[in-house]
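The next block holds one structure in the form of structure tokens; read it before the comments.
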Amino acid sequence: MIIDVLDNSFFVVRDDLYPFIGGGNKGRKLSKIGDYVKKNNYNAIVTTGGIQSNHCRAAAIFAAQNNMECTLVLHGDEKRFHAENGNAKLMRLSGSRIVFTEAKGISDAMDAAVVDYYAKDLNPYYLRGGGHTLEGAMAYVDAVKDLFEITDTRPDYIFLPTGTGSTQAGIMAGLDLMGSDCKVVGISVGRERNSAEKHVTNLYCELRNHLYLTNGKNSALVLDDYLCGGYEKSNEEINDISEKSLSNYGFVLDTTYTAKAFYGMMEYVRKKSLKGHIFFWHTGGILNFLAKSKN
Ligand SMILES: *Cc1c(COP(=O)(O)O)cnc(C)c1O
């Protein structure tokens, strides 16, 4: 794990550099989920996501690396999937079977893929979209332990982009385990606040049970003030942060996840005059950044 320091005031956890093709939080989640899959003798994966899903890319790569069958049930624009680079390109080249469906057909298509694998005498693992599972979140409990080992700087605030909420839930439970009272602030990349917080809270409670945690329970905070209308939507400031990220900071921030969260963090820190050790958890997104050619 690598920590960068920006302007002597922000600490950046570089999960964009997580050692997995394409890196990011989905690489970290898949490593942990993959251990579970192997340990339980599954030999095929069925999962779902959008056409530029970091999660589906990670699942497809894990399957390829372990000689497993994999079906990706994708929703979104099939033409774009075949035209774009980034995650879409890696999924296309991974050897995974790809099925397109409307959003309302996802669970039927996943069930059908599971049945197909059973018919082939395989033992498929049904993997929730986004790697939003106990194991996926446990990857972040472990990550917080690593963080506390590699630096003596104790975070007062951790900011991150939040989608399904498993990364945030894992970080929160990891902090509880370390006895830290650091506040975690999720910047929603798509969901409205209530729904996002509910997703984080449910998995966080599950993790606390799993880990037998009894110390102070935290409540989930996910801000939806920087949504710009929804998933994959952004504004000029976010686009500008993304465009200038490499020259300004030496790492890449994409408009769907990390630049949006970075923008939200900067606004929130300024509005609330936050002081202390402020950490930005860089969750990846370079393949989203590289997905489309400029037009
Ligand atoms: C999926 C994703 C997120 C959100 O993670 P969740 O655990 O689903 O909340 C954030 N950043 C990037 C780059 C992602 O791919």
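The values are calculated or read from the model by the stated rules, or taken from the named source; none is laboratory data. What you see is a predicted model; the values in this text were computed from it and never measured. FYI the Cβ positions are ideal-geometry reconstructions off the backbone, even for glycines, and counts take in every protein chain you see. Accessible surface is based on the protein model in full, side chains and every heavy atom, while ligands, DNA and RNA are left aside. Shrake-Rupley method; radii C 1.70, N 1.55, O 1.52, S 1.80 Å.
General remarks:
- Helical runs assigned H by DSSP (4 residues or longer) give the chain a calculated mean residue ellipticity at 222 nm of -14500 deg cm²/dmol, each run adding -39500 (n - 2.57) before division by the residue total.
- R193-T151 FRET efficiency (beta carbon distance; Förster radius 22 Å; 0.05 resolution): 0.10
- FRET efficiency for the pair D4 and K233, taken as 1/(1 + (r/R0)^6) with r the Cβ-Cβ distance and R0 = 35 Å, rounds to 0.80.
- The chain: most fluctuating residue of F62, F251, F262 per GNM, C-alpha cutoff 10 Å: F251
- Fraction in percent of alpha-carbon pairs per bin - 5 Å, segment 1-130: 2, 11, 20, 21, 18, 12, 6, 5, 3, 1, 0, 0
- Estimated dipole of segment 179-295 in Debye, rounded to 20 [Cβ of Lys and Arg +1, of Asp and Glu -1, Cα centre]: 240 debye
- Charge dipole (Cα centre; +1 on Lys/Arg Cβ, -1 on Asp/Glu Cβ; no other charges) of the chain amounts to roughly 120 debye.
- Over the chain, Cα pairs under 8 Å with separation of 6+ residues give a relative contact order of 22 percent.
- Chain lengthening between T214 and K104 when straightened (0.36 nm per residue, less Cα-Cα): 35.7 nm
- With every protein chain in place and a 1.4 angstrom probe, the accessible-area ranking of S188, S247, S9, S273, largest first, reads S247, S273, S9, S188.
- Most positive-pole-ward Cα, N194, T151, L246, against dipole of the chain from beta carbon charges: N194
- Inter-part distance where segment 7-24 and segment 81-127 are each reduced to a Cα centre, Å: 29 Å
- Between N67 and L93, the distance separating the two model label sites (each 7 Å from Cα on the Cα→Cβ line) works out to 2.3 nm.
- Kirkwood Rh and Cα Rg combined as Rg over Rh, evaluated for segment 63-121: 0.99
- Inter-label distance, nm, simple model (7 Å from Cα along the C-beta direction), V115/L274: 4.8 nm
- Rolled with a 1.4 Å probe across the full set of protein chains, the surface gives Y268 an accessible area near 30 Å².
- Principal semi-axes in Å for segment 166-295 [√(5λ), Cα gyration tensor, largest first]: 28, 16, 14
- Segment 242-282-segment 161-176 distance, computed between alpha-carbon centres (Å): 18 Å
- Pairwise alpha-carbon distances in segment 63-173 exceed 16 Å for 70% of all pairs.
- Relative to the 2.2 N^0.38 Å rule of thumb, the chain has a C-alpha radius of gyration ratio of 0.97.
- With R₀ fixed at 22 Å, the C-beta to C-beta distance from F251 to L290 puts the FRET efficiency at about 0.95.
- Approximate spin-label separation R80-K38, in nm, with each point projected 7 Å along Cα-to-Cβ: 3.5 nm
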